[in-house]
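Read the structure below first, then the notes.
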Amino acid sequence: MKMMPPKAPSRRDFVRQILGVGSCLPFAHLAFSQAHGSRQVSAQNGGPSSVSPEDDQFLNDLEKANFQYFWDQANPKTGLVKDRCNVHTDDGGIVGSIAATGFGLTALCIGEKRGFIARSVAQERVMATFETLWSKLPNHRGFFYHWTNINTGERVWDAEVSSVDTTILLCGLLTCREYFPTAEVQGLADAIFNRVEWTWLSEDTSLLPHGWTPEMGFLPYRWDNYSELMMMYLLGLGSTSSPLREETWTAWKRLVFEYDGLRYIGSFAPLFVHQYSQAWFDFRGKRDKYADYFQNSAIATEVHRRFCLELAKQFPSYSEDLWGITASDSPNGYVIWGGPPAIGPIDGTIVPSASAGSLPFLPQPVMRVLRTIKDRYPQAWSKYGFVNAFNPLTKWYDSDVIGIDTGITLLMAENLRTGFVWKTFMKNEPARRGLERAGFKKYQP
C-alpha cells in the first residue's frame, strides 16, 4: 500500500486560528443595519462588453490551461480530483479534495462550452464522478470527508466530514445537473443532493459546525463570521428534503471594516472568503437586509489592492501592476496571509489566484496584474496556468498548483467573460429557493 504523505494544515485550519482571535481586535464592529458600502468603488457585472478582444483571448488561454488541470489530475474512473500537483514532475500523489472535485465538475461544463473537450467525453466523466459520489465515496448523513484517495475514495489523514467542502462539491454537482440535463445526470444529482441532512448540522444550533469525525463527533468550530459560509447556508436553506431554518441566515456575524474611507462587510481572513460563494451564486443586482454582496466583494478587493500598494514601502514588488495576497504556499510551507489588517508573515509574495478570483469585481485592475505576471514572470506560468505563488524579490517560484485556487481562477474568468457559471448554476431550484428564503430581493444598484 502506498504510504500517505504527512498531512499539511489546511486553509481552514489556519483561518480557524485567525478567526479565533479576530473578535478580540478593535478593528471592526458588528453591523445590523442596511448595506455598508462606498460608491467610490463601482463593480462591473461582467459579460463580453467589459472584456477587450485581447483580454478575452488571454482569459481563454488561461481557462484552457486551468481546465487541463482538472482533466489531467482526476482519476478518470472515479472523477475525484487531486488537491494539488507538482507542475515539474509526476509526483504520483493520490490525495484528493472534494472541494477540488466540485471545481472540477464545474470545469467540465466550462470545458465543453469552450470546446476544450467533446460533450460526450465530458458527460462520461460527469457520470463517473456522480456514480462515485452516490455509491462509492464514504459519507455521513450525505456529507463527505474533506480528503480522499482519488483511486479508491477512502478517507485519508483522519479527515473530517466537512460542511463547506461538501458544499463546494454540491455547487459543482448542481452546475452539471443543469448543463448536462439527461435523466441519468439529473437523477443522480437529485439523489446526492437530497441525501444531505442539513438539519443534522443545525439540530441544536443556528450556527453550523465546520465538520464532524467519527472519533470526536462535531468539531468545536462554528461558521459564525462572514466568509465562504454563504454558499453553505444558502444551499441548506434551499433544500426540500432537510431544509435549514430561516433564522440561520441571520445568525452569523457581519463585521464592518473601514479602510482608506471604504466600508465593507468582512472578517479577519484572506481575500478568498469574498470570492468562493460568488463563483456560483449570482448576487448581482440583489441584496438581503444587510448588503449587496457583489458590490461588497468589489469594495473588499479594492481595499486589498490599496493595502498591497501601502505595503510597497516595505516590499517593492507590490505595485499597480502586481498585487494580491491570499492563503497560499510559501518557501516555508502553507501560509495564511493577507489583509487588511495584515495577516501572516507577509514578505512580498504574489498569489495569482488572489486577484484572479476577483476578476468580475475589478476587471481592469485584475487584468493588469494577470498580464504582468504572464509577461514579466514566465517562471510563474505552467501548463496549468499560474503556479500557486511566487516572490519577485527572492526569485522563489512555487512548484505546485492547488486545485481550489486554479478552480476559482477558472470560474471567475468565465463569469467575467459570459456569466456562464452564474447563469447555469442559478437555474437550480435549491439555489433560487435559498436566496428567496434568505430574504434576497432584486434592486437597482
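The values are calculated or read from the model by the stated rules, or taken from the named source; none is laboratory data. Treat the numbers as computed from the prediction; the structure is a model and nothing was measured. Virtual Cβ from ideal backbone geometry, glycine too; neighbours counted across all protein chains shown. The accessibility values were calculated without ligands, DNA or RNA, using every heavy atom of the protein model including side chains. Shrake-Rupley method; radii C 1.70, N 1.55, O 1.52, S 1.80 Å.
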Those residues of segment 391-419 that are open to solvent by less than 20 Å² (accessible area, probe 1.4 Å) and either of a type in the set (A, V, I, L, M, F, W, C) or not in a strand (DSSP E or B) (or both) come to a total of 19
Name the residues in segment 322-332 that are open to solvent by 10 Å² or more (accessible area, probe 1.4 Å) and within 14 Å of GLY348 (Cβ to Cβ), would you? SER330, PRO331, ASN332
Filter segment 199-220 down to the residues that are touching a helix residue (DSSP H, G or I) at 6+ places or on another chain (Cβ under 8 Å) and in a helix (DSSP H, G or I) and list them by number. LEU201
Any residue that is in a loop (DSSP other than H, G, I, E, B), open to solvent by 60 Å² or more (accessible area, probe 1.4 Å) and without any contact (Cβ under 8 Å) to a residue 40 or more places away in the chain - is there at least one of those in segment 230-253? no
Against the condition open to solvent by 10 Å² or more (accessible area, probe 1.4 Å), in a loop (DSSP other than H, G, I, E, B) and under 21 Å from ASP260 (Cα atoms), how does PRO340 come out, does it pass? yes
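Which is without any contact (Cβ under 8 Å) to a residue 40 or more places away in the chain and farther than 28 Å from GLN275 by Cα, of ALA128, ALA118? I'd like the intermediate steps shown before the answer.
Working: ALA128 fails: without any contact (Cβ under 8 Å) to a residue 40 or more places away in the chain.
Sole residue among the options that is without any contact (Cβ under 8 Å) to a residue 40 or more places away in the chain and farther than 28 Å from GLN275 by Cα: ALA118.
Conditions tested, residue by residue: (1) buried (at least 24 other Cβ atoms within 10 Å of the Cβ); (2) in contact with a Leu (Cβ under 9 Å, 6 or more places away or on another chain); (3) closer than 26 Å to LEU416 by Cα; (4) of a type outside the set (Ser, Thr, Tyr).
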site	(1), (2), (3), (4)
PHE283	no, yes, yes, yes
LYS286	no, yes, yes, yes
ALA291	no, no, yes, yes
TYR318	yes, yes, yes, no
TYR334	no, no, no, no
ILE346	no, yes, no, yes
ILE350	yes, yes, yes, yes
GLY357	yes, yes, yes, yes
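Output yes when any residue across segment 79-96 is in a loop (DSSP other than H, G, I, E, B), open to solvent by less than 10 Å² (accessible area, probe 1.4 Å), in contact with a strand residue (DSSP E or B) (Cβ under 8 Å, 6 or more places away or on another chain) and touching a residue at least 24 places away in the same chain (Cβ under 8 Å), and no when none is.
Let us first name the residues in segment 79-96 that are in a loop (DSSP other than H, G, I, E, B), namely 79-80, 83, 87-94.
If we keep only those that are open to solvent by less than 10 Å² (accessible area, probe 1.4 Å) as well, we get 79-80.
Adding the requirement that they be in contact with a strand residue (DSSP E or B) (Cβ under 8 Å, 6 or more places away or on another chain) leaves 80.
Those left that are additionally touching a residue at least 24 places away in the same chain (Cβ under 8 Å): 80.
Yes - at least one qualifying residue is present in segment 79-96.
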If you go through segment 179-194 one residue at a time, do you hit one that is open to solvent by less than 30 Å² (accessible area, probe 1.4 Å), touching a residue at least 24 places away in the same chain (Cβ under 8 Å) and closer than 27 Å to PHE268 by Cα? no
Restricting to segment 140-176, and then to whatever is open to solvent by 40 Å² or more (accessible area, probe 1.4 Å) and in contact with a Phe, Trp or Tyr (Cβ under 8 Å, 6 or more places away or on another chain), can you tell me which residue is modelled with the lowest pLDDT? TRP157
